[in-house]
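A quick write-up on the structure given underneath.
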Amino acid sequence: MTNWIAQTGYVYDANGNRLEDPIRAYQWDAENRLIGVSHKSSPGRSSHFVYDGLGRRSVIEERAGLV
């Protein structure tokens, strides 16, 4: 019997935050807020997020990958 769930390529941390999928890697802060996403196929392509004192996403920074 094949375990399809194990073959999806999704990885989660102990808090249930997705760390990896087949396309991207994710970074989380100590409050379980998404702070970064990087694209595996484009090493320089990423997104970074900053939150204000109320926990609202206040800055989104996009970086383009190398062409």
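The values are calculated or read from the model by the stated rules, or taken from the named source; none is laboratory data. A quick note: this is a predicted structure, and the numbers were derived from the prediction, not measured. Every residue, glycine among them, receives a Cβ derived from its backbone with ideal geometry; neighbour counts consider all protein chains shown.
Among the residues making up the stretch 1-22, those that are aliphatic (A, V, I, L, M) and either at pLDDT 95 or above or surrounded by 15 or more Cβ atoms within 10 Å (Cβ to Cβ) (or both) are VAL11, ALA14, LEU19. Only residues that are of a type outside the set (S, T, N, Q), exposed (fewer than 14 other Cβ atoms within 10 Å of the Cβ) and at pLDDT below 95 were counted in the stretch 24-52, giving 3. Against the definition (touching an Asp or Glu at 6+ places or on another chain (Cβ under 8 Å) and part of a loop (DSSP other than H, G, I, E, B)), how does GLY9 come out, yes or no? It is true that GLY9 is touching an Asp or Glu at 6+ places or on another chain (Cβ under 8 Å) and part of a loop (DSSP other than H, G, I, E, B). The set of residues from the stretch 43-67 being farther than 20 Å from TYR10 by Cβ, out of contact with any Pro (no Cβ under 9 Å at 6 or more places or on another chain) and small (Gly, Ala, Ser) comprises GLY44, GLY53, GLY55, SER58, ALA64.
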